[in-house]
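Laboratory data are not the source of any read-out in this text; all were calculated from the coordinates shown. Because the structure is predicted, anything quoted here is derived from the model rather than measured. Please note: Cβ atoms are built from the backbone with ideal geometry, for glycine as well, and neighbour counts cover all protein chains shown.
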Amino acid sequence: MVENIINGRNIIKILEETGSPSKEAVRDILSKAKLKAGLTPEEAGILVNLSEPELIRELLDTAGWVKNQIYGERLVFFAPLYVSDFCINDCDYCNFHSRNMAFKRKRLNLAEVEEQTKVLINMGHKRVLVEFGEDPLNNNIDYVTKVIDKIYSVKTDKGSIRRINVNIAATTVENYRKLKKAKIGTYQLFQETYHRNTYEKIHHGPKADYLRQISAYERAFEAGLDDLGLGVLFGLYDWRFETLALITHAWYLDKKYKIGPHTISVPRVREAATVNLKLPHKISDEDFLKLIAILRLAVPYTGMIISTRESPEIRSQAFKIGISQASAGSCTAVGGYGKKTDQSQFKVQDERCLEEVISDAVKNEFLPSFCTACYRLGRTGEEFMGFSKPGEIHNFCRPNGILTFAEYLEDFAKNETYEKGQEIIQAYLDKIEDKSLRQKTRLSLEEIKQGKRDLYF
């Protein structure tokens, strides 16, 4: 089954055969990418081998153009919520690994989940990604679904969490059905590394089963989950191999299920208290930005996610060439929001609060968004692909992004950000092509100023 999904030998062959791409071949592929129909792993292989600064600049420019055509000016923000760091795995790169005997393990009770959720809501968040270590005793599926129910139930005078994405270990069809019933948004599961020998070397415990990990999406689809997120932990193996493997996996899912990944995440390995990897495949900032651009061209319809593992400077550049979603104001410790703790999974590089991230995004003329409309209206899976693949998703996303940002401005923004944010809203309101929708959006904006919330199309 593994070879049907990812053929490592074939990926290595592609890398070898595309080692010295000509300018003509590169520019032909970049021209094709502008059709927004994606690139094959073979075509992407030519791009991962680029070394000439002129061609790399053209790659980044093309990726920025494609990102703008499909996702436009929007940046969707969310926060991770670490619920339990109990874990029976002993993965080399993770501070939650079982060998960390000095670590005082913590699992939030439902009252603590409510407390942490209120902190996130009162920061301005509407979307969270819940994170659990793998532990059948402490983090069983019933506990996971109770946590989800609790988060959805929490209300403050600043609103509520409207979408919960979930990151739990690969599991069974029955457990995925329970996640589906709990009304999650996207189910995220990162392969970490697609290189099998490396995968099996750095994982210890149930997660060391490469087949269990890579086949998890098959079971998720069988259970009815149709919004899935891929990802690689870059730095564990050659980034070129990992990039082509991600693209290959996306093509496989799209061909078999007619539903490609809803998101692709691109975290880089970061050190932590008990993690000090000597990385032979450490990835430079230049190559990191290059792979983001290549993924944007190869899988143009997918939402691309960057975390606070990256610095504000790198995130700012990544927003321009492919990233459409980002965490902000993040804490990677269980129960860490609003508290001091040194028990994080890794140290974040972007330590700014949500307000600071929003302010910077506005200065760069992005439209911050907290939209959750598609999932709540059933625009998921194959239906979502029907809008995103031809680049029509912005017809929903721009007005909904405007409305959620207007909410944020009214409830949280300070003077300078408020004023600049209103200018941004007006600029993008004028770009809504459908006159009727533009007028409806304008009327909804007036309702938001009068106190109404959670308006969407």
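Near ASN89, the amide H atoms lying under 5 Å from its own belong to SER98, GLU134; only residues 5 or more places off or on other chains count, and H is placed 1.01 Å from N. Segment ASP454..HIS204, full-extension length gain: 85.6 nm, with 0.36 nm per residue of separation and the alpha-carbon distance subtracted. The protection proxy used here, the mean number of other Cβ atoms lying within 10 Å of each residue, ranks peptides 169-177, 245-253 as follows, highest first: 245-253, 169-177. Taking amide H as placed 1.01 Å from N in the peptide plane, GLU73 has no amide H partner under 5 Å among residues 5 or more places away or on another chain.
Using the structure shown, list the pairs from LYS36/LYS347; LYS258/LYS290; LYS150/LYS414; LYS155/LYS452 with a Cα-Cα distance above 24 Å, or answer none.
Result: LYS36/LYS347; LYS258/LYS290; LYS150/LYS414 exceed 24 Å.
Distance from the C-alpha centroid of the stretch 234-262 to that of the stretch 419-446: 36 Å, rounded to the whole angstrom. Karplus-based coupling profile of the stretch 160-173, in residue order and whole Hz: 7, 7, 9, 8, 10, 8, 10, 10, 10, 4, 3, 9, 8, 4, with θ = phi - 60° in 6.51 cos²θ - 1.76 cosθ + 1.60 and x standing for Gly or Pro. The slack between LYS440 and ARG99, meaning 0.36 nm per residue of separation minus the straight C-alpha distance, is 117.1 nm.
Ordering LEU236, THR372, ALA298 by Cα displacement along the dipole of the chain toward the positive end leaves THR372 in first place; charges were set at the Cβ atoms of Lys, Arg (+1) and Asp, Glu (-1). Which net charge results when you count Lys and Arg as +1 and Asp and Glu as -1 among the other residues whose beta-carbon is under 14 Å from that of ASN122? Here the charged neighbours net out to -2. Projecting the Cα atoms of GLY205, VAL362, LEU277 onto the charge dipole of the chain, computed from C-beta unit charges around the Cα centre, puts GLY205 farthest toward the positive end. Alpha carbon centre of the stretch 273-346 versus the stretch 1-53: separation in Å? One Cα centre to the other: 24 Å. Entry note, the chain: the mean residue ellipticity at 222 nm calculated from DSSP H runs of n ≥ 4, each adding -39500 (n - 2.57), is -14500 deg cm²/dmol after division by the residues and rounding to the nearest 500. A simple packing score, the average count of other Cβ atoms within 10 Å per residue, orders the peptides 136-142, 309-315 as 309-315, 136-142, with the highest score first. Considering only alpha-carbon pairs that sit under 8 angstrom and 6 or more positions apart, the relative contact order computed for the chain is 21 percent.
Packing, taken as the mean count of other beta carbons within 10 Å per residue, orders the peptides 302-308, 120-126 from highest to lowest as 302-308, 120-126.
Full extension of the chain between LYS363 and GLU383 yields a length gain of 3.8 nm, computed as 0.36 nm times the residue separation minus the alpha carbon distance.
Given +1 on the Cβ of Lys and Arg, -1 on the Cβ of Asp and Glu, and no further charges, what dipole in debye does the chain carry about its Cα centre, rounded to the nearest 20?
Here the chain has a charge dipole of around 940 debye.
Between ASN395 and ASP342, the distance separating the two model label sites (each 7 Å from Cα on the Cα→Cβ line) works out to 5.6 nm.
Each residue of the stretch 176-191 was assigned a 3J(HN,Hα) from its phi angle through the Karplus expression (A = 6.51, B = -1.76, C = 1.60, θ = phi - 60°), giving 5, 5, 5, 5, 4, 5, 6, 6, 6, x, 9, 9, 9, 8, 8, 6 Hz with x at Gly and Pro. Projecting label points 7 angstrom from Cα along Cα→Cβ for LYS34 and GLN422 puts them 3.9 nm apart.
Using Cα centres only, tell me the gap between the stretch 375-418 and the stretch 195-221 in whole Å. For the stretch 375-418 versus the stretch 195-221, the Cα centre distance is 34 Å. Put simply, the amide H of LEU81, placed in the peptide plane, has neighbours under 5 Å in LEU129, VAL130, GLU131, leaving out anything fewer than 5 places away on its chain.
Along the stretch 17-31 the Karplus relation, 6.51 cos²θ - 1.76 cosθ + 1.60 evaluated at θ = phi - 60°, assigns HN-Hα couplings of 7, 10, x, 10, x, 7, 4, 5, 5, 4, 5, 5, 5, 5, 5 Hz to successive residues, with x for each Gly and Pro.
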